[in-house]
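Comments concern the structure below.
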Amino acid sequence: MTKRLQNYIGGEWVESAASATIPVIDPATCETLAECPDSTAADVDRAVKAAREGFAEWRATPVMVRAQYMHHFKVLMEANFDKLADMVVRENGKTIDEARGEVRRAVEAIDYGIGVPFLMRSDGMEDVSSGIDETTLRQPAGVFAAITPFNFPNMVPLWFLPTAITCGNTFILKPSPQTPVSAQLLYELLDELDLPPGVVNLVQGGVTSSMALMEHPGVTGVSFVGSTPVAKIVYETCTRHGKRVQAQGGAKNYIAVMPDANMEASVRNILGAAYGCAGQRCLAAAVVVGVGEAYDKLRDELVKQASKLRVGYGLNEQTQMGSVISAASRERIERMIARGVEEGAEVILDGRGHKVEGYENGTFVGPTILGEVKPGTTVATEEIFGPVLSLMRADDFDEAVEVINSSHYGNAASIFTSSGGYAREFKYRVNAGNIGVNIGVAAPSASFPFGGQKDSFFGDLHGQGSDSIEFYTERKIVIERWL
Ligand code: NAD
């Protein structure tokens, strides 16, 4: 019988009150890995109560001790590195190398959390008036929740959890119901830490539990990562309920390639950016704008290299691109390709109907390249979230910047060039939160806030870096006179 997952509340594994479950399917083999309970508002209420009850003891636990728990967590993550990576492949479909990269990034996020004793310090000044001193205190703010997507089931939850709890808050994770087993593995490791009850909680489920967390008066703030339509719902719901919120949404990332770029190195990099994780990265390269004569060179080289990519089962070390997350995703991606064709794009490489020997029922889409894509068309503007690269022409640098800035998304944008002048203008003028210069995937490391503008981010303080310390703490100003 398929295993039904449990919630982790108040330091114990508990059954969800839900009767409904969501099957967790390995997208390459179609094997059902587990049943994810569609947790109810009652489950959320139980988790929030546990987190509230745990808060007083936890905030009074010395910050160095809180950080030590994260040291120990890191050690356990390293010891279980292969097991965690293996499960990411099985429930997400990406390649084992990509899964290892993700777990490495997750560990780096713990490193940042370990730095909280230094990062949470605040400032003060004597004699703001005669004999009066003024100090800023930074205090934990309460119970925080994170609602996370399927595409990085280890890394994204750990963008939040280590910093939130080391700042002295208690925490509830509601992961994607498409990749809940990875979350369960993370919590099995957290369980080994013997944290005080209620510090870390896990509620498995989908929309019902997300909404219940956002509407619960006991939750102080919510970190969300997922698609733009849901990010908007999260932002609106949380603000309506008086919560702080950071909602990272979807993307359509552009790459401009100047004629002076090193073409070979650029193509290698763009290939990884477009087809890594089968294009299911919020920082994936979606549109490449070839400036002037760069377009033809790029097209020929990209097609040559992309058609050689080995698509297959992620646990096979030879595989270079895995499956997409589900049959529904594959259908959506194939519909978007067809839409591109209707809108006049040329299909240079067609990944529709891709079959992998031995995995005939797997949800694979081969690398796809659409050429002569026009600004304003669906494939130029909407997120596809699959291995589809659109190629566009621009006569010059200014036209490329105009096309990029016309996007309603603003997650990332990159330029490939050997000119410092173009690079500088690109950084200066392009409206996107993460900018790459000769870098295809402009992913900020854990100590920098994860940028995101326009429809790619709703909120004020971003995830990661110094913003996360602000988000997870409350400031108090103390003005003192002692006679
Ligand atoms: P999704 O928006 O479908 O789901 C994200 C989370 O929200 C899940 O936990 C899901 O259960 C929950 N959810 C779904 N519908 C909801 C609703 N109506 N109300 C409340 N909660 C709801 O996203 P996904 O398909 O899991 O992930 C892919 C998306 O995430 C892509 O758009 C990608 O660009 C984006 N993403 C963004 C970033 C970033 O940092 N900006 C990072 C990773 C992924």
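The values are calculated or read from the model by the stated rules, or taken from the named source; none is laboratory data. Note that this is a predicted model, so its numbers are computed, not measured. As a convention, Cβ positions derive from the backbone with ideal geometry for all residues, glycine included, and neighbour counts pool all protein chains shown. For the accessible areas, the whole protein counts, side chains as well, though only heavy atoms, and no ligand, DNA or RNA atoms are used. Shrake-Rupley method; radii C 1.70, N 1.55, O 1.52, S 1.80 Å.
Could you say whether any residue in region 70-77 is open to solvent by 10 Å² or more (accessible area, probe 1.4 Å), of a type outside the set (S, T, N, Q) and under 18 Å from G11 (Cα atoms)?
Yes, some residue in region 70-77 is open to solvent by 10 Å² or more (accessible area, probe 1.4 Å), of a type outside the set (S, T, N, Q) and under 18 Å from G11 (Cα atoms).
Going through region 274-298 one residue at a time, which ones are small (G, A, S) and either within 12 Å of the ligand (Cβ to nearest atom) or under 17 Å from V311 (Cβ atoms) (or both)?
Passing the criteria: A274, G276, A278, G279, A284, A286.
So C36 fits all but one of (1) on the phi < 0 side of the Ramachandran plot; (2) touching a Pro at 6+ places or on another chain (Cβ under 6 Å); (3) surrounded by fewer than 19 Cβ atoms within 10 Å (Cβ to Cβ); what number is the exception?
Going through (1) on the phi < 0 side of the Ramachandran plot; (2) touching a Pro at 6+ places or on another chain (Cβ under 6 Å); (3) surrounded by fewer than 19 Cβ atoms within 10 Å (Cβ to Cβ) one by one, C36 breaks only (3).
Need a quick list: helices (runs of 4 or more DSSP H) entirely within region 372-483 having at least 1 residues that are outside the structural domain of V107 (by TED's automatic domain parsing).
Details: elements: 378-381, 397-405, 420-429, 465-471.
Hits in region 372-483: 378-381, 397-405, 420-429.
(1) touching a residue at least 60 places away in the same chain (Cβ under 8 Å); (2) farther than 29 Å from A284 by Cβ: which one isn't true of A60, the others all being true?
It is condition (1) that A60 fails.
So which residues in region 134-172 are within 15 Å of the ligand (Cβ to nearest atom) and farther than 25 Å from P217 by Cβ?
Within region 134-172, P149, F150, N151, F152, P153, N154, M155, V156, L158, W159 meet the criteria.
Taking interchain pairs and intrachain pairs at least six residues apart, which have beta carbon atoms under 8 angstrom, with the first residue in region 301-312 and part of a helix (DSSP H, G or I) and the second among the acidic types (D, E)?
Every condition considered, the pairs that remain are E301/E264.
Could you grab the pairs with beta carbons closer than 7 Å, sequence gap of 6+ or different chains, first residue in region 270-289 and on the phi > 0 side of the Ramachandran plot, second one assigned to a helix (DSSP H, G or I) and modelled with pLDDT of 95 or more?
C277/E98
So in region 219-236, with the set limited to residues that are hydroxyl-bearing (S, T, Y) and touching a strand residue (DSSP E or B) at 6+ places or on another chain (Cβ under 6 Å), which one is farthest from the ligand (Cβ to nearest atom)? Talk me through it step by step, then tell me what you get.
We begin by selecting, within region 219-236, every residue hydroxyl-bearing (S, T, Y); these are 220, 223, 227-228, 235.
Now restrict to residues that are touching a strand residue (DSSP E or B) at 6+ places or on another chain (Cβ under 6 Å): 220, 223, 235.
Numbers: T220: 18, S223: 10, Y235: 11 Å.
Restricting to residues being hydroxyl-bearing (S, T, Y) and touching a strand residue (DSSP E or B) at 6+ places or on another chain (Cβ under 6 Å), the top hit is T220.
V311 - would you say it is over 17 Å from V156 (Cβ atoms) and near the ligand (Cβ under 9 Å from one of its atoms)?
Details: over 17 Å from V156 (Cβ atoms): yes; near the ligand (Cβ under 9 Å from one of its atoms): no.
So V311 does not fit the description; no.
Residue-wise test of (1) closer than 21 Å to A261 by Cβ; (2) out of contact with any strand residue (DSSP E or B) (no Cβ under 8 Å at 6 or more places or on another chain).
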position	(1), (2)
T377	no, yes
T381	no, yes
S390	yes, no
V401	yes, no
I404	yes, no
I415	yes, no
I435	yes, no
F458	no, no
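Quick check on region 404-426. Is at least one of its residues over 24 Å from I325 (Cβ atoms), charged (D, E, K, R), open to solvent by 60 Å² or more (accessible area, probe 1.4 Å) and within 16 Å of the ligand (Cβ to nearest atom)?
no
Please work out which residue is farthest from the ligand (Cβ to nearest atom), limiting yourself to region 173-195 and to residues that are out of contact with any strand residue (DSSP E or B) (no Cβ under 9 Å at 6 or more places or on another chain) and touching a residue at least 60 places away in the same chain (Cβ under 8 Å). Walk me through it before giving the result.
Quick first cut of region 173-195, residues out of contact with any strand residue (DSSP E or B) (no Cβ under 9 Å at 6 or more places or on another chain) only: 182, 185, 189, 192, 194-195.
Applying the additional criterion that residues be touching a residue at least 60 places away in the same chain (Cβ under 8 Å) yields 182, 185, 189, 192, 195.
Numbers: S182: 13, L185: 17, L189: 20, E192: 25, L195: 23 Å.
That would be E192.
In region 202-218, is there at least one residue being out of contact with any helix residue (DSSP H, G or I) (no Cβ under 8 Å at 6 or more places or on another chain), β-branched (V, I, T), over 16 Å from A145 (Cα atoms) and within 15 Å of the ligand (Cβ to nearest atom)?
No, region 202-218 has no match at all.
Within region 259-271, track down each residue that is assigned to a helix (DSSP H, G or I) and surrounded by 16 or more Cβ atoms within 10 Å (Cβ to Cβ).
Taking region 259-271 and keeping what is assigned to a helix (DSSP H, G or I), we get 263-271.
The answer is M263, S266, V267, N269, I270, L271.
Given the condition open to solvent by less than 20 Å² (accessible area, probe 1.4 Å), more than 21 Å from D194 (Cβ to Cβ) and either modelled with pLDDT of 95 or more or among the polar types (S, T, N, Q) (or both), answer yes or no: does some residue in region 55-69 qualify? Even if it seems obvious, please write down each step before you answer.
First, the residues of region 55-69 that are open to solvent by less than 20 Å² (accessible area, probe 1.4 Å): 58, 66-67.
With the extra rule that they be more than 21 Å from D194 (Cβ to Cβ), the set shrinks to none.
No, because not a single residue in region 55-69 is open to solvent by less than 20 Å² (accessible area, probe 1.4 Å), more than 21 Å from D194 (Cβ to Cβ) and either modelled with pLDDT of 95 or more or among the polar types (S, T, N, Q) (or both).
What's the number of the only condition in (1) open to solvent by 50 Å² or more (accessible area, probe 1.4 Å); (2) free of Cβ contacts under 8 Å to residues at least 60 places away in the same chain that K243 fails to meet?
Of (1) open to solvent by 50 Å² or more (accessible area, probe 1.4 Å); (2) free of Cβ contacts under 8 Å to residues at least 60 places away in the same chain, only one is false for K243: (1).
Does A256 qualify as being assigned to a loop (DSSP other than H, G, I, E, B) and farther than 21 Å from K94 by Cβ?
Criteria not met by A256.
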